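Student: Sharing a structure with you now.
The values are calculated or read from the model by the stated rules, or taken from the named source; none is laboratory data. All values reported here derive from a predicted model rather than from experimental measurement. No Cβ is skipped: glycine too gets one built from the backbone with ideal geometry, and neighbour counts run over all protein chains shown. What goes into the accessible areas is simple: the full protein's heavy atoms, side chains included, and nothing from ligands, DNA or RNA. Shrake-Rupley method; radii C 1.70, N 1.55, O 1.52, S 1.80 Å.
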Amino acid sequence: MVHCSCVLFRKYGNFIDNLRLFTKGGSGGMGYPRLGGEGGKGGDVWVVAQKKMTLKQLKDKYPQKRFVAGGGANSRVSALKGSKGKDCEIPVPLGISVTDENGKIIGELNKEEDRVLVAEGGLGGKLLTNFLPLKGQKRIIHLDLKLVADVGLIGFPNAGKSSLLSQVSHAKPAIADYAFTTLKPELGKIMYSDFKQISVADLPGLIEGAHMNKGMGHKFLKHIERTRQLLFVVDIFGFQLSSKTPYRTAFETIILLTKELELYKEELQTKPALLAVNKMDLPHAPDKFRELMNQLQNPKDFLHLIEKNIIPERTMAFQHIIPISAVTGEGIEELKNCIRKSLDDHADQENDAHHRKQLLNLQISNTVSL
């Protein structure tokens, strides 16, 4: 049994997860027609991933949100080939997707020092351009942050995700006893006794219709894309957003959450998933849990009771189902151990697949050379 103590917690104040920027490559330098001299190329604009950087810091430091690279040097008698203009680097956090005005992806930055060219400098004047320099590329870009975390918590408002995060990381996120929706992602870290760390992201609560951008909609769903595994958090007594919306049992809640993931992006359903069934400290919860387990083990026997439009193409296969109470701490240690086991097992599978691929490539190259 691996024992855990959880310390680190970071809460994002004034959280920003997208920015629109103006970028312009530097103009090229003038050529020197009489001596055939070439002007220097204009500087380029790069987006570069840096640790401990946030989009809020970027916005505060560069309120104009304009990034222009330096111009290339003119050709002259003492230096017929002009020097290149100074590049401009835009520091961004890890997990950034860079797109142009039309939504086309220019690049993604997931590791420290990853870089993407967003605006190229103009060529310097040369024979080809009649010794006249070219202007640098102008481009409006969008920076879109998707949190990079090991585990993403998924659940409807009031499922107890914030309470659970406070249990695993001794944090104090905002918690309320009504259908309270976390409005910004919060990160906690589970710290194990052997110093292993696992990051957990509590993401804004889903509501029905999130795939159509209702509630926090896509602002929530996009953050799930870069988590390594999903942790569904469900209230054993079900959920009702308001008196105007239908009451959903715990089983229906799981079906609905799965459907929202499927409608947004089917690949999300292929991620490893665990299920934490919360509020087990309340009266009659054990009976409800037995009923839920029966429904999850034989879903086809119960799906006919649910509206067809909310049934996903395939139901979620959970690697572990853990009954917990985020209030009393019941089941929390087991949950932490299951999270770690699931991540370790998945990492082993990925390593095995990588080794098999390497072996196959080696066999193919040997066959070709023979």
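Student: Where in the stretch 100-121 does the amide nitrogen come within less than 16 Å of the point 7 Å from the Cα of Lys135, taken along Cα to Cβ?
Tutor: Within reach of a label on Lys135, which here means backbone N under 16 Å from a point 7 Å along Cα→Cβ, the stretch 100-121 contributes 119-121.
Student: Nearest-5 percent of antiparallel DSSP beta bridges in the stretch 16-145?
Tutor: Values: 22 of 31 bridges.
About 70 percent, rounded to the nearest 5.
Student: Let me ask you something else. I'd like the accessible area for Thr270: 1.4 Å probe, protein heavy atoms, all chains in place, Å² to the nearest 10.
Tutor: 100
Student: Let me ask another. Quick one: of Lys146/Lys300; Lys104/Lys265; Lys300/Lys336, which pairs are farther than 23 Å apart, Cα to Cα? Please report the intermediate quantities before stating the final value.
Tutor: Values: Lys146/Lys300 35 Å; Lys104/Lys265 17 Å; Lys300/Lys336 30 Å.
Among Lys146/Lys300; Lys104/Lys265; Lys300/Lys336, the Cα-Cα distance tops 23 Å for Lys146/Lys300; Lys300/Lys336.
Student: Using a 1.4 angstrom probe with every protein chain in place, what is the largest-first accessible-area order of Met280, Met30, Met293? Before the final figure, lay out each step's value.
Tutor: Working: Met280 25, Met30 85, Met293 45 Å².
Reading off the accessible areas and sorting them downward yields Met30, Met293, Met280.
Student: Please give the contour-minus-distance gain from Glu89 to Ser242: 0.36 nm per residue of separation, less the Cα-Cα distance, rounded to one decimal in nm.
Tutor: Details: separation 153, 0.36 × 153 = 55.08 nm, distance 4.78 nm.
50.3 nm is the gain from fully extending Glu89 to Ser242.
Student: Are there GluC sites (Glu not before Pro) in the stretch 108-155 that DSSP marks as loop and that have at most 10 other Cβ atoms within 10 Å, and which are they? Each step should come with its number before you reach the end.
Tutor: On the way: sites: Glu108, Glu112, Glu113, Glu120; in loops: Glu112, Glu113, Glu120.
For GluC sites (Glu not before Pro) across the stretch 108-155 that sit outside H, G, I, E and B with at most 10 neighbouring Cβ atoms in 10 Å, the list reads Glu113.
Student: Can I ask one more? Using only C-alpha positions, report the orientation-averaged shadow area of the convex hull of the stretch 306-345, nm², one decimal.
Tutor: On the way: hull surface 17.6 nm².
Reported value for the Cα convex hull: 4.4 nm².
Student: Rounded to two decimals, what is the ratio between the C-alpha radius of gyration of the stretch 62-140 and 2.2 N^0.38 Å? Mind dumping the intermediate values first?
Tutor: Working: Rg = 15.9 Å, N = 79, 2.2 N^0.38 = 11.6 Å.
So the stretch 62-140 has a normalised radius of gyration of 1.37.
Student: Along the Cα-to-C-beta direction of Gln64, a point sits 7 Å from the Cα; which residues of the stretch 84-103 have their amide N less than 17 Å from that point?
Tutor: Counting backbone N atoms under 17 Å from the label point, the list is 86-91.
Student: How much solvent-accessible surface does Ile198 expose, in Å² to the nearest 10, with a 1.4 Å probe and all protein chains in place?
Tutor: Roughly 0 Å² of Ile198 is accessible to a 1.4 Å probe.
Student: Right, another one. What is the gain in length, in nm to one decimal, between Lys51 and Arg115 on full extension, counting 0.36 nm per residue of separation less the C-alpha to C-alpha distance? Before the final figure, lay out the partial values.
Tutor: Details: separation 64, 0.36 × 64 = 23.04 nm, distance 1.30 nm.
Going from the current span to full extension adds 21.7 nm.
Student: Further question: Which aspartates and glutamates have a Cα lying under 18 Å from the Cα of Lys24, excluding residues fewer than 8 positions away in the same chain?
Tutor: The reachable aspartates and glutamates, counting only those whose Cα sits under 18 Å from Lys24, are Asp44, Asp87, Glu89, Asp100, Glu101, Glu120.
Student: Right, here's the next one. For the pairs Lys288/Lys308; Lys189/Lys341; Lys52/Lys341; Lys61/Lys135, flag any whose C-alpha to C-alpha distance is greater than 21 Å. It would help to have the intermediate numbers written out before the result.
Tutor: Details: Lys288/Lys308 24 Å; Lys189/Lys341 16 Å; Lys52/Lys341 28 Å; Lys61/Lys135 27 Å.
Pairs exceeding 21 Å: Lys288/Lys308; Lys52/Lys341; Lys61/Lys135.
Student: Let me ask something else. Distance in nm between label sites at Glu307 and Glu108, each 7 Å beyond Cα in the beta-carbon direction?
Tutor: It works out to 3.3 nm between the two label points.
Student: Return the FRET efficiency for the residue pair Leu127, Asp348: r is the Cβ-Cβ distance, R0 is 51 Å, and the value is rounded to the nearest 0.05. Working shown, then result.
Tutor: Working: r = 60 Å, r/R0 = 1.17.
Rounded to the nearest 0.05, the efficiency is 0.30.
Student: Give me the mean projected area, in nm² to one decimal, of the convex hull enclosing the Cα positions of the stretch 273-370.
Tutor: Numbers: hull surface 39.4 nm².
Computed as one quarter of the Cα hull surface, the answer is 9.9 nm².
Student: Can you return the lysines within cross-link range of Lys244? Criterion is Cα-Cα under 19 Å, with same-chain partners fewer than 8 residues away left out.
Tutor: Those lysines meeting the cut-off are Lys214.
Student: Ignoring ligands and nucleic acids, what accessible area does Ser193 show with a 1.4 Å probe (Å², nearest 10)?
Tutor: Counting only protein heavy atoms, Ser193 exposes about 80 Å² to solvent.
Student: Next up: Under a straight-distance cross-link criterion of Cα-Cα below 16 Å, which aspartates and glutamates are reachable from Lys271, leaving out those fewer than 8 residues away in the same chain?
Tutor: Asp150, Glu225, Glu260, Glu262, Glu313, Asp344, Asp345, Asp348, Glu350
Student: A further question on this structure: I'd like the FRET efficiency for Leu360 and Asn294, computed as 1/(1 + (r/R0)^6) with the beta carbon distance as r and R0 of 41 Å, rounded to 0.05.
Tutor: Details: r = 43 Å, r/R0 = 1.05.
Step by step, r from the Cβ atoms, then E = 0.40.
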